[in-house]
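K.L.:
Right, I'll just put the structure down here and ask away after.
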Amino acid sequence: MKPQPHAQSLSHRIVELAWPVLIAQLSSMTQMVSDTVLAGRYGTEDLAAVAVASGIYISIVMLMVGILQAVAPTVAHHVGAGRTNEIGPSVQQGFWLALALTVPAVLFMRQPDWLMQLSDMSPAVENRARDYLTTVAWGLPAVLLYRTFYAFTNALGRTRVLMFISLAATAVHIPLSWALINGKLGFAPLGGTGCAVSSACIAWLAFFAALLHVSRTPAYAPYHLFSRWQPPHFKTLAELLRLGLPMGFSSFVEITAFTLIALLVARLGAGVVAGHRIVGNLSALIYMLPLALAIATLVLVGQAVGGRDGLGARRAAKVGIVIATGLSTLVSIVMWFARDPVMAAYTADPAVRELASSLVIYICLYQFFDAIQTVAAHALRGYKITVGPMLIHTLCFWGIGLGGGYRLAFSGMGALLPPQGVAGFWQAAVLSNMAAAALFGGYLHLASKKHAARPA
């Protein structure tokens, strides 16, 4: 029997894997935050358009990226089992899948009519949002190919390169967005669409940087990613889709539970959308911490399961949850006390700033529960369990979060509670995360206990 890792060594390994991913994700989030700040400084209508369009863009990207995330547990299982010769072919099929997913993603970005109809936004905001989507679609092929590399590298435990690529992309994106939005450095002023042009450019920059890294780094040589290229293998693609489709839909449900709010509250005015966008940015920024820890936990759980170490997988999941809940709670406390200067940095509009400040309490309240459900859901992916988590995500984030939020926002609870406006969606978000934490925690306990009982 394999010696069981001590909790302290597991903590060290999780943190070692997670911190470069966290910096990479915070760097990517910095791009979104900078777009929000730059568009907000340019004009409230441009900020509202970026809020709506980037919400749609992120929803579609997360759906496709979630499907491609199937590469991570697949490779992690191969690593744990010592099947080095199977890693390269699996990643190659991931690249083929990324190219196939690009087609529906680009078509949707260029024809978003049915989703636009959900909102009563002004014609000026809608036109700007459509321009944003049409422009940013040019970067989608690079985004999906890069995210396949991202999943592969995570599963190997080689996470630092992701950090360096993300930091380099952010260093290019922020000044480029500023110049394109405001018409500096010889560019014509594009307003919010400038964010989209810059995003498409840095997507290709990141992808080519990843290609260069793989081709020049000896550590990737045993996988023969390019020297033994294989055509599409439908059995392997079908297995990736079997794992990935529920994962992609889970990611889509979770992200749209927040991004669709921007469409649904557009009837309340551009100021409300802008305030929601600011708080949504902060929420996503804080979420990067448990997400990084969750990705690291997925890798360790997947490698342990691949090596038939059920007890090791169970311990990794437990340690990941403990670290994530503790750190997320600490961050939420800091966020609460720093809310006023943070809002002042986002916008000069006093009404938008006041609305956003009033919503911060909700993202602070659900951080503990969000950390539990995030790490538990990713740990289940490490076990290659994806359908059940998809159903839980749908129930909690669409049923309780989006459906309940719509009721609280526009109808209230009869005589008990008047309509809450945009705050109703955030109140429902707290309830949905509490429910998800309970359900995912229970599911993971049963699944990990079952695997731990199996012989090594």
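K.L.:
Quick check on PRO246: is it in contact with an Asp or Glu (Cβ under 9 Å, 6 or more places away or on another chain) and either crowded, with 21+ Cβ neighbours inside 10 Å or modelled with pLDDT of 80 or more (or both)?
P.N.:
Working: in contact with an Asp or Glu (Cβ under 9 Å, 6 or more places away or on another chain): no; either crowded, with 21+ Cβ neighbours inside 10 Å or modelled with pLDDT of 80 or more (or both): yes.
Against the criterion (in contact with an Asp or Glu (Cβ under 9 Å, 6 or more places away or on another chain) and either crowded, with 21+ Cβ neighbours inside 10 Å or modelled with pLDDT of 80 or more (or both)), PRO246 does not qualify.
K.L.:
Next up: Answer yes or no: is there a residue in segment 30-50 that is in contact (Cβ under 8 Å) with a residue 60 or more places away in the chain, touching a helix residue (DSSP H, G or I) at 6+ places or on another chain (Cβ under 6 Å), farther than 27 Å from GLY191 by Cα and assigned to a helix (DSSP H, G or I).
P.N.:
The answer is no, given that none of the residues of segment 30-50 is in contact (Cβ under 8 Å) with a residue 60 or more places away in the chain, touching a helix residue (DSSP H, G or I) at 6+ places or on another chain (Cβ under 6 Å), farther than 27 Å from GLY191 by Cα and assigned to a helix (DSSP H, G or I).
K.L.:
I'd like the full set of residues that are farther than 19 Å from ALA296 by Cβ and in contact with a Pro (Cβ under 6 Å, 6 or more places away or on another chain), limited to segment 364-395.
P.N.:
VAL387, MET390
K.L.:
Hey, another quick one. Condition test on LEU211, is it at pLDDT 90 or above, buried (at least 23 other Cβ atoms within 10 Å of the Cβ) and closer than 19 Å to GLN69 by Cα? Spell out the reasoning first.
P.N.:
Working: at pLDDT 90 or above: yes; buried (at least 23 other Cβ atoms within 10 Å of the Cβ): no; closer than 19 Å to GLN69 by Cα: yes.
Here the answer is no, as LEU211 does not meet what is asked.
K.L.:
Going through segment 74-115 one residue at a time, which ones are within 24 Å of the chain's Cα centre (by Cα) and not in a helix (DSSP H, G or I)?
P.N.:
Selection gives GLN111, PRO112.
K.L.:
Another one. Can you name the residue in segment 13-22 that is crowded, with 20+ Cβ neighbours inside 10 Å and among the β-branched types (Val, Ile, Thr) and, of all such residues, is farthest from VAL273 (Cα to Cα)? Spell out how you get there, then give the answer.
P.N.:
Residues of segment 13-22 crowded, with 20+ Cβ neighbours inside 10 Å: 14, 17-18, 20-22.
From what's left, among the β-branched types (Val, Ile, Thr): 14, 21.
Values: ILE14: 37, VAL21: 30 Å.
The selected residue is ILE14.
K.L.:
If you don't mind, there's one more thing I want to ask. Considering each of ALA100, ALA171, ALA124 in turn, give the residue that is surrounded by fewer than 23 Cβ atoms within 10 Å (Cβ to Cβ) and touching an Asp or Glu at 6+ places or on another chain (Cβ under 7 Å).
P.N.:
On the way: ALA100 fails: touching an Asp or Glu at 6+ places or on another chain (Cβ under 7 Å); ALA171 fails: touching an Asp or Glu at 6+ places or on another chain (Cβ under 7 Å).
Unique residue meeting the criteria: ALA124.
K.L.:
Could you give me the residue pairs with C-beta distances under 9 Å whose first residue belongs to segment 212-241 and is over 17 Å from THR84 (Cβ atoms), whose second residue is not in a helix (DSSP H, G or I) wherever it lies, and which are 6+ apart or on separate chains?
P.N.:
Listed pairs, sorted by first residue: SER215/LEU225; SER215/PHE226; GLU239/ALA70; LEU240/ALA70; LEU241/ALA70.
K.L.:
Report whether or not PHE226 is among the aromatic types (Phe, Trp, Tyr) and farther than 17 Å from LEU101 by Cβ.
P.N.:
In short, yes.
K.L.:
Right, here's the next one. Any idea which residue in segment 159-199 is nearest to the chain's Cα centre (by Cα), counting only those that are among the aliphatic types (A, V, I, L, M) and part of a loop (DSSP other than H, G, I, E, B)?
P.N.:
First pass over segment 159-199, keeping only residues among the aliphatic types (A, V, I, L, M): 161-163, 165, 167-169, 171-172, 174, 176, 179-181, 185, 188, 190, 196-197.
Those still in the list that are part of a loop (DSSP other than H, G, I, E, B) too: 185, 188, 190.
On the way: LEU185: 32, ALA188: 32, LEU190: 27 Å.
If we take residues in segment 159-199 being among the aliphatic types (A, V, I, L, M) and part of a loop (DSSP other than H, G, I, E, B), then LEU190 is nearest to the chain's Cα centre (by Cα).
K.L.:
Which of the following residues is closer than 21 Å to ILE323 by Cα and crowded, with 23+ Cβ neighbours inside 10 Å: LEU285, LEU291, LEU300? Reasoning before the result, please.
P.N.:
On the way: LEU285 fails: crowded, with 23+ Cβ neighbours inside 10 Å; LEU291 fails: crowded, with 23+ Cβ neighbours inside 10 Å.
None of the others qualify; the one that does is LEU300.
K.L.:
Right, here's the next one. Taking only segment 260-288 into account, find how many residues are part of a helix (DSSP H, G or I) and either within 23 Å of SER122 (Cα to Cα) or in contact with a Pro (Cβ under 7 Å, 6 or more places away or on another chain) (or both). Steps first, answer last, please.
P.N.:
Keep residues of segment 260-288 that are part of a helix (DSSP H, G or I), which gives 260-264, 266-268, 270-288.
Filter again for either within 23 Å of SER122 (Cα to Cα) or in contact with a Pro (Cβ under 7 Å, 6 or more places away or on another chain) (or both), leaving 260-264, 266-268, 270-281.
Of the residues in that region, 20 qualify.
K.L.:
Please work out which residue is farthest from ALA238 (Cα to Cα), limiting yourself to segment 84-131 and to residues that are of a type in the set (Ser, Thr, Tyr) and at pLDDT 90 or above. Walk me through it before giving the result.
P.N.:
Here is the first cut: in segment 84-131, the ones of a type in the set (Ser, Thr, Tyr) are 84, 90, 102, 119, 122.
Of the ones still in play, those that are also at pLDDT 90 or above are 84, 90, 102.
Details: THR84: 21, SER90: 12, THR102: 17 Å.
Within segment 84-131, the match that is farthest from ALA238 (Cα to Cα) is THR84.
K.L.:
Further, regarding this structure: Within segment 290-320, count every residue that is under 15 Å from ALA447 (Cβ atoms), among the aliphatic types (A, V, I, L, M) and over 18 Å from the mean Cα position of the chain (by Cα).
P.N.:
7
The values are calculated or read from the model by the stated rules, or taken from the named source; none is laboratory data. Note that the coordinates shown come from a computational prediction; the quantities given were computed from them, not determined experimentally. Note that we place each Cβ from the backbone using ideal geometry, even for glycine, and neighbour counts take in every protein chain shown.
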